[in-house]
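Below you'll find the structure, written out as C-alpha cells, and then a few comments.
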Amino acid sequence: GIRGAGEILALRAADAKTKETAGLIVREATRIAALVDDFMVFARRDKLRLATANIHRVLDGVLALLAHDPLCEAVEIVRAFDPSIPELAADADRLIQVFLNLIRNALQAMEGAHGTLTVTTRMTLEHRVALDDGKPLPTLAVWIRDTGRGMTPDELRQATTPFFSARQGGTGLGLAVADYWVAQHRGSLHLESEPGAGTTVRVTLPLRKP
C-alpha cells in the first residue's frame, strides 16, 4: 500500500523535489518488503518443493542475473563445473535464493576493486548424508570463492547469525537465509576466510534421485 501510494505520488508530482521524495518512498518500501520477506522465512517454516533440478542451470541463471549488477563490472567470473554431476531432487527456487545471496555477498566483498569470483562444482563421493530412510547418499559441493577483503575470526563466527552484518547498511539476513535453506535440503554451509585473503563458501547438498 505504501509503495503503491508512492508510485501514484511520483506520477502526479509537479516538481522535481516531490518526485524525488516519492521515489525515496518507493525504494524504502521495497527494501522493507524484501527485509520482511527474508525475516518471514524463519517464522513461516516454509517447506521445500522438491522436483528435478540441475545445479549448473541454477548457478548459470544466478550468474546471468547478477551480470547486469554494477558490482560485476570489475570482477572476472570463473566457472569450474564438473559435468559429471547428475540432476537431483531439490527446490530449485530456494537454491536460486541461496546462491543469489552467497554470490551477491561475494561481489559486495570485492566492491570497488578488481577481483575474481570462482564458482566450482564437484561430486564429493567421500562425504555421504543419511536422510530419513537411513540410506547414505553421495553429495555434491559448490564452492564460491572471492578475492575480497575477507573476514575476521569474530565476523566469521557470527556470519550466519540473523541480523549480523559486517557490511555497513547490510541487513544481516543474506547468509542466515542461505544457511537455513541449505539445512532444509539436509546439506551444510561452511565458510573459510582471512582478512585480506578473500572468503570461500562451500555448500554441500545430498544427491537425492529425482
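Before moving on, here are some points about what is shown:
- Failed criterion for Q168 (all others in (1) over 23 Å from L88 (Cβ atoms); (2) of a type in the set (S, T, N, Q); (3) at pLDDT 80 or above hold): (3)
- Test: I32 is in contact (Cβ under 8 Å) with a residue 12 or more places away in the chain and either part of a helix (DSSP H, G or I) or among the aliphatic types (A, V, I, L, M) (or both): no
- In segment 47-69, the qualifying residues are those that are in a loop (DSSP other than H, G, I, E, B) and of a type in the set (A, V, I, L, M, F, W, C), and the one that is farthest from the chain's Cα centre (by Cα) is L50.
- Top-ranked residue of segment 131-165 - restricted to ones that are crowded, with 16+ Cβ neighbours inside 10 Å and small (G, A, S), ranked as modelled with the lowest pLDDT: S165
- Tally of residues being open to solvent by 70 Å² or more (accessible area, probe 1.4 Å) and at pLDDT 95 or above across segment 42-82: 3
- Scope segment 5-36; condition open to solvent by less than 90 Å² (accessible area, probe 1.4 Å) and out of contact with any helix residue (DSSP H, G or I) (no Cβ under 9 Å at 6 or more places or on another chain); matching residues: D15, A16, A34, L35, V36
- A74 vs. criteria free of Cβ contacts under 8 Å to residues at least 40 places away in the same chain and farther than 22 Å from W181 by Cβ: no
The values are calculated or read from the model by the stated rules, or taken from the named source; none is laboratory data. As the structure is a computational prediction, the values presented were derived from the model and not from experiment. Using ideal geometry, Cβ is built from the backbone for each residue, glycine included, and neighbour counts are taken over all protein chains shown. Keep in mind that these areas ignore ligands, DNA and RNA; they rest on the heavy atoms of the full protein, side chains included. Shrake-Rupley method; radii C 1.70, N 1.55, O 1.52, S 1.80 Å.
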